[in-house]
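First comes the structure, then the notes that go with it.
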Amino acid sequence: MIMLLAGGLGVKAQDLNIATYNIRYNNPDDSLNAWPYRKEPLMNMVRFYDFDIFGVQEALAGQVKDLSELKGYDHVGVGRDDGKDKGEFSAIFYKKERLKLITSGTFWLSATDVQHPNKGWDAALPRICTWANFEDKKTGFKFYHFNTHFDHRGVEARRESAKLIMRMMKEIAGSSALVLSGDFNVDQNNESYHLFNNSGLLKDAYQTAAVKLSDNGTFNAFKMATPASDTGRIDHLFFSKQFTIRRYGVLTNSFQGRYPSDHFPVMVVAAQQAK
């Protein structure tokens, strides 16, 4: 029986709860949806679903500081406007007791300079990808996590950003196990999405998961109306073949008639490939 479990679904210790979450930047004009009112419900979602590692998008420095209050977590990432603390972060938060950080970095999505703040192609804003290399302290499994937020206007920027990230993944991670999380501002029918999903390197967790909790869209605009089934999934988690995706969920929890963000988090339970 033990051999069957280890060779089949994998043991519990090999599972990682991995998520992506656009937390909506701290905008005072959001009224009751502003960050001070939804900070605790959002953090409670992280606690309840017990994320081992998650990438965030749109987080400003103050929000990164708030999320750092989550007990047991550390993070990597920089602000996109100055490479320090200005502008939105695409930070990666992780459990310190579970995961050992080996190395990390950030690059800009640009055709001219990936090392310094700038706008690439037809993007409206500077865009970045933060990455980190981890070792699972329980199993010794090593993997790279890349986290990004694509431009909301630039069609060329989104397409070329996908190509750039694919190149940078190969340059930075080689043949290592990969996770790519983010708000890609395109759904599952878009060319930029297919550049990842049809690459032979990565696959959308939604497509490969053994169990799916929800196929809702992932953008809610703070509106309580339920998104149409299987539409508008603009927040994605892609994995390399070293992971088996056991469970996938779009987490649509609300509190007092409101959502913690204008995006739903997406969480995956991923089993590591046995050595």
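The values are calculated or read from the model by the stated rules, or taken from the named source; none is laboratory data. The model shown is predicted, which means the values in this text are computed figures rather than measured ones. As a convention, Cβ positions derive from the backbone with ideal geometry for all residues, glycine included, and neighbour counts pool all protein chains shown.
Some values worked out for this structure:
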{"item": "Residue count for the stretch 114-138, restricted to those that are closer than 22 Å to residue 85 by Cα and either of a type in the set (Gly, Ala, Ser) or not in a strand (DSSP E or B) (or both)", "result": "13"}
{"item": "Residue satisfying condition, being in contact with a Gly (Cβ under 9 Å, 6 or more places away or on another chain), at pLDDT 95 or above and not small (Gly, Ala, Ser), within set 56, 46", "result": "56"}
{"item": "Qualifying strands (runs of 3 or more DSSP E) (wholly inside the stretch 13-100; at least 3 residues being free of Cβ contacts under 8 Å to residues at least 40 places away in the same chain)", "result": "73-76"}
{"item": "Some residue of the stretch 141-150 being free of Cβ contacts under 8 Å to residues at least 40 places away in the same chain and not aromatic (Phe, Trp, Tyr)", "result": "no"}
{"item": "Options 131, 121: the member that is in contact with a His (Cβ under 9 Å, 6 or more places away or on another chain) and of a type in the set (Phe, Trp, Tyr)", "result": "131"}
{"item": "Residue check, residue 171 modelled with pLDDT of 95 or more, outside any loop (DSSP other than H, G, I, E, B), of a type in the set (Asp, Glu) and more than 25 Å from residue 270 (Cβ to Cβ)", "result": "no"}
{"item": "Count of residues meeting criterion [crowded, with 19+ Cβ neighbours inside 10 Å and not in a loop (DSSP other than H, G, I, E, B)] in the stretch 174-191", "result": "7"}
{"item": "Which numbered condition residue 250 misses (of (1) crowded, with 16+ Cβ neighbours inside 10 Å; (2) touching a residue at least 40 places away in the same chain (Cβ under 8 Å); (3) not polar (S, T, N, Q))", "result": "(2)"}
{"item": "Test for residue 39: is it modelled with pLDDT of 95 or more, under 19 Å from residue 138 (Cα atoms) and basic (Lys, Arg)", "result": "no"}
{"item": "Some residue of the stretch 233-242 being charged (D, E, K, R) and either assigned to a strand (DSSP E or B) or surrounded by 20 or more Cβ atoms within 10 Å (Cβ to Cβ) (or both)", "result": "yes"}
{"item": "Whichever residue in the stretch 139-184 is among the aromatic types (Phe, Trp, Tyr) and within 19 Å of residue 127 (Cα to Cα) and, among such residues, is nearest to the chain's Cα centre (by Cα)", "result": "146"}
{"item": "Residue within the stretch 254-262 that is at pLDDT 95 or above, at negative phi, touching a strand residue (DSSP E or B) at 6+ places or on another chain (Cβ under 8 Å) and not in a loop (DSSP other than H, G, I, E, B) present", "result": "no"}
{"item": "Residues located in the stretch 101-113, provided they are crowded, with 18+ Cβ neighbours inside 10 Å and not in a strand (DSSP E or B)", "result": "109, 110"}
{"item": "Test: residue in the stretch 194-215 that is closer than 19 Å to residue 151 by Cα and modelled with pLDDT under 95", "result": "no"}
